[in-house]
1. Over every pair of different alpha-carbon atoms in region 224-304, take the mean of 1/r and invert it; report that Kirkwood radius in Å.
2. Taking only C-alpha pairs under 8 Å that are 6+ residues apart, what is the relative contact order of region 75-475 in percent?
3. Specify the inter-centroid distance of region 339-376 and region 128-188, based on alpha-carbon positions, in whole Å.
4. Along the Cα→Cβ direction, 7 angstrom out, place labels at residue 240 and residue 48. What is the inter-label distance in nm?
């Protein structure tokens, strides 16, 4: 059904939660439906804690503000720390090892700025509409475009999931752990994380794992980076490095795809909805997203600094598997540093496997109009959990196939993400400019200028890659 010309409707329970505090919202919802679900009760409980934090602000404003922030952060931190996944960190490692720090450190900072611009829009969409990204596309643009967006997401998510388990396998192989044990144990952690039946618990468990993305910071410090050169690079941004033009283009695209990908849109908007955030929570959602952006950028730069010694000493880094990187870095950062690097890649793959499989499950649940919340028990939302666990299991199984082209998959998955991103951004910009559903929270002039600029940049990057692939002679191939 094409509803682009129809008024957007909010279901009664969500309207009650939007217009009232938690206790009143629950009472209103009870009158409207006669029955509250497990999901409604859990979300109302979370909102009650938020309301209490706001009410206590008069007595201890500083403490209350910190508590309120603690209650509302999560989706933004998770989406960026999870996007620092195995292929992303290996792309950063490859850029540092092959081309040093001059061009790629400021370029990485730029990509994270682009990422914040995009993800801030999903916060507003989720908090105002109480709809996930896939559900909004189906409601506003009809089934054809809804399934188009869903197919775009499913293809990219599945390929990325495969690379996450490649990262898990490669990271733990440094410690002599067999692929079956590494992948199997990680799959069990993915399943255990969703077994709580509670969004809040799932979010805090995943955040606890995600913070270990910071392992790359001590690795970078052990590499004794040239801080003067880092400062110079950030201030003056040296030109593109010398080398094979096509390889440099692929690496640039991979670095962009390490920061701005379709799954991030679907995940953060659905997580904002599952968390029960409301329009008044948007400022906290922006802070949450900014914190995630800054932390993820620091950890990404740390990876470049950690692998820069390979560039400095002319050591080849053609093999993109984590264990080889760790082994190659050993002489320069020591066994402890190499072990931390390998553990960091394992963590990056594990956290991303949890969040990306959840992103797919959210989107399919929204498209099929079945239960799609981590606040729902298995019996109420078995299709949601089946997609989540099933996609992870199939991806994990492919990684265990002997002689699979794992290195090729790792290098190309972020490039594919860049090519898939422009259609997703077009949908996002159209939705966030739809005043019928966004009202006063619709994009303003500068937000549109920034969003369109990001979209145009990604289109140019994708077209450049396509032209270079079809006509390699243009790059001197």
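1. That comes to 15.9 Å for region 224-304.
2. On the way: 643 pairs, mean separation 148.4, N = 401.
It rounds to 37 percent for region 75-475.
3. When both Cα centres are located, 6 Å separates them.
4. It works out to 5.9 nm between the two label points.
Read-outs throughout are calculated quantities, based only on the coordinates presented, and are distinct from any laboratory measurement. Note that the structure is predicted; figures quoted are calculated from it, not measured. Positions of Cβ are generated from backbone atoms using ideal geometry, with glycine treated the same way; all protein chains shown enter the neighbour counts.
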